[in-house]
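Participant: This structure is in structure tokens; I'll ask about it shortly.
The values are calculated or read from the model by the stated rules, or taken from the named source; none is laboratory data. This structure is a prediction, so every number in the text was calculated from the model and none was measured. Cβ coordinates were reconstructed from backbone atoms using ideal geometry, including for glycine residues, and neighbour counts include every protein chain displayed.
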Amino acid sequence: MNNIISGFSKLSKEEKIKLVCQKLTNPSAVEQIVKSYWHRDDNTQKLLDEFSENTLSNYFFPFGVAPNFLINGKIYFVPMVIEESSVIAAAANAAKFWASRGGFHAQVISTKKVGQVHFIWNGDKQKLLHHYTELKFRFKDETQHITANMVKRGGGIIDIELVDMRHEIEDYYQLKATFETVDSMGANFINSCLEEFAQILKNFIATHSAFDESERDCKVIMSILSNYTPECLIKAWVECDLPQLGMFDDGDTPDSFTWKFERAIKIAQVDVNRAVTHNKGIFNGIDSVVLATGNDFRAVEACGHAFASRDGKYRSLTSFSRANNKFYYCLTIPMALGTVGGLTSLHPMAKFSLELLGNPSANELMMIAAIAGLANNFGAVTTLVTKGIQRGHMKMHLLNILNHFEASDEEKVKAIEYFKAEKVSFNSVRQLLQEIRENND
């Protein structure tokens, strides 16, 4: 029977590594590998260790840049953190393509964020509604010690709504609060407000003369922000006259390309199997920018996928129109990002990313991330309806395959030259390396 470890978090970093590595076949070799990924600067490593718990080492992802993003008339070098080989290439190609056709356009439609206090109460709803104006005043008045600095920056509590959910769960209500958090993502601010709301609510019901003794028990289940922010919404798009698209690699004219592109988007609107992969391509771009800037890609993904299902069926997050002989492709997506707080200034590379982008506001960063998503998706759909995804993707994946077979630098040079004219596959790379090595023997 496996032994349960107690007090693991209290061990030193060295002790944790030794304990973990002892479970593997070659502990000393694994320990060396783990330590080889430590940062060479002790202070930086200490900072990285403190981002999480039970830290043993660092897990490296490539940090790349896609140049030539013309967004709302301004050129950006967009930082992207991702391990998938073709994503940054696709983003850079799409950026260059649209830079000569008016660039990308984006706007923030709204920036409201949501938090909820979930509670159970079996009192008279009409009494609570009758005194709700007084209660709402207390929510705002008694949280001023939390909201003062946010209000100075132009944010704060927007509204606090009482939501009756008794049709779903017996005696279940919500306080649904909306917030403006300006340049911070605002999770800690929102959660602090919500926990205060919960206590104010309980005290109000327990002490107010309007309620009978039988109504005074208000059970708060939880107080937490929601990562579903459909009112924190960004719109990003590209557009040009059809002839401006030019000819495509497979010989498609602007008209024949657009005909196929439009139908590809319609398929992603009606078929969930295609929609999931279509939207994954969007998040290839978005997630890589979100990671590079120290934001929470999991919250962004969860929110985006929920938004894609808002009418009860999972659909594409993009839409297409071809009116007046114009190509118009648009992404509408909810997203909550920050440029202050969290890791944005603590993580050295996140700080570098924001400086590279010109220290944008949260609104500007959300537009940039949405554009990266649209760019990657445009590149993917364009490739799919023209030359096909595998030729370009596998060529970008070639180095990964060569590294899998532990190819030398000389073998890599020969393989890259060979596959300029040949189709890349796992087996074809293996065969080529086998031939090269036999010839060298």
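Participant: Can you find, within the stretch 215-259, the residue that is farthest from Val381 (Cα to Cα) among those that are touching a residue at least 12 places away in the same chain (Cβ under 8 Å) and small (Gly, Ala, Ser)?
Facilitator: So the residue we want is Ser223.
Participant: If you don't mind, another one. Give me a count of the residues in the stretch 1-54 that are touching a residue at least 40 places away in the same chain (Cβ under 8 Å) and more than 29 Å from Leu346 (Cα to Cα).
Facilitator: Of the residues in that region, 0 qualify.
Participant: Another question, if that's okay. Go through Ser214, Ser192, Ser209 for me and flag whichever is small (Gly, Ala, Ser) and either assigned by TED's automatic domain parsing to the domain that holds Tyr329 or outside any helix (DSSP H, G or I) (or both).
Facilitator: Result: Ser209 is the single residue among Ser214, Ser192, Ser209 that is small (Gly, Ala, Ser) and either assigned by TED's automatic domain parsing to the domain that holds Tyr329 or outside any helix (DSSP H, G or I) (or both).
Participant: If I filter the stretch 329-367 down to residues being β-branched (Val, Ile, Thr) and out of contact with any Ser or Thr (no Cβ under 6 Å at 6 or more places or on another chain), which single residue comes out as nearest to Met185 (Cα to Cα)? Steps first, answer last, please.
Facilitator: So the first thing to find is which residues in the stretch 329-367 are β-branched (Val, Ile, Thr), and the list is 332-333, 339-340, 344.
Okay, now just the ones that are also out of contact with any Ser or Thr (no Cβ under 6 Å at 6 or more places or on another chain), so 332-333, 339, 344.
Details: Thr332: 19, Ile333: 16, Thr339: 8, Thr344: 10 Å.
If we take residues in the stretch 329-367 being β-branched (Val, Ile, Thr) and out of contact with any Ser or Thr (no Cβ under 6 Å at 6 or more places or on another chain), then Thr339 is nearest to Met185 (Cα to Cα).
Participant: Which residue is farthest from the chain's Cα centre (by Cα), if the candidates are limited to the stretch 206-227 and must be within 17 Å of Thr178 (Cα to Cα) and among the polar types (S, T, N, Q)?
Facilitator: Result: Ser223.
Participant: Can you tell me which residue among Phe77, Phe51, Phe61 is touching an Asp or Glu at 6+ places or on another chain (Cβ under 8 Å) and either over 30 Å from Asn376 (Cβ atoms) or not hydroxyl-bearing (Ser, Thr, Tyr) (or both)?
Facilitator: Values: Phe77 fails: touching an Asp or Glu at 6+ places or on another chain (Cβ under 8 Å); Phe51 fails: touching an Asp or Glu at 6+ places or on another chain (Cβ under 8 Å).
Just one listed residue meets the conditions, Phe61.
Participant: Can you name every residue in the stretch 212-234 that is under 21 Å from Arg138 (Cβ atoms) and crowded, with 20+ Cβ neighbours inside 10 Å?
Facilitator: Cys218, Ser223, Leu225
Participant: Further question on the same structure: Could you say which residue among His118, His167, His131 is loosely packed, with under 15 Cβ neighbours inside 10 Å and either on the phi > 0 side of the Ramachandran plot or outside the structural domain of Ala372 (by TED's automatic domain parsing) (or both)?
Facilitator: Every option except His167 fails the conditions.
Per-residue answers, yes or no, for (1) under 30 Å from Leu398 (Cβ atoms); (2) over 26 Å from the mean Cα position of the chain (by Cα); (3) of a type outside the set (Val, Ile, Thr):
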| site | (1), (2), (3) |
| --- | --- |
| Asn43 | no, yes, yes |
| Phe51 | no, no, yes |
| Ser57 | yes, no, yes |
| Lys74 | no, no, yes |
| Val78 | yes, no, no |
| Ser86 | yes, no, yes |
| Gly102 | no, yes, yes |
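Participant: Write out, first by first residue and then by second, each pair whose Cβ atoms fall under 8 Å of each other, whose residues are 6+ apart or on separate chains, and whose first residue, in the stretch 347-363, is more than 18 Å from Ile234 (Cβ to Cβ) and assigned by TED's automatic domain parsing to the domain that holds Asp296 while the second is among the small types (Gly, Ala, Ser) and part of a helix (DSSP H, G or I).
Facilitator: From residues that are more than 18 Å from Ile234 (Cβ to Cβ) and assigned by TED's automatic domain parsing to the domain that holds Asp296, the pairs are Met349/Ala292; Ala350/Ala292; Ser353/Ala292.
Participant: Do you know which residues across the stretch 134-149 are in contact with a Cys (Cβ under 9 Å, 6 or more places away or on another chain) and part of a helix (DSSP H, G or I)?
Facilitator: Phe139, Ile146, Thr147
Participant: If I filter the stretch 177-201 down to residues being more than 21 Å from Ala362 (Cα to Cα) and touching a strand residue (DSSP E or B) at 6+ places or on another chain (Cβ under 6 Å), which single residue comes out as surrounded by the most Cβ atoms within 10 Å (Cβ to Cβ)?
Facilitator: It comes out as Phe197.
Participant: Right, here's the next one. Working only within the stretch 289-323, note down all residues that are over 17 Å from Val272 (Cβ atoms) and part of a loop (DSSP other than H, G, I, E, B).
Facilitator: Those that are over 17 Å from Val272 (Cβ atoms) and part of a loop (DSSP other than H, G, I, E, B): Thr293, Gly294, Asn295, Asp296, Arg322, Ala323.
Participant: Looking at the stretch 289-310, is at least one residue of a type in the set (Phe, Trp, Tyr) and touching a strand residue (DSSP E or B) at 6+ places or on another chain (Cβ under 6 Å)?
Facilitator: Yes: the stretch 289-310 contains one or more residues that are of a type in the set (Phe, Trp, Tyr) and touching a strand residue (DSSP E or B) at 6+ places or on another chain (Cβ under 6 Å).
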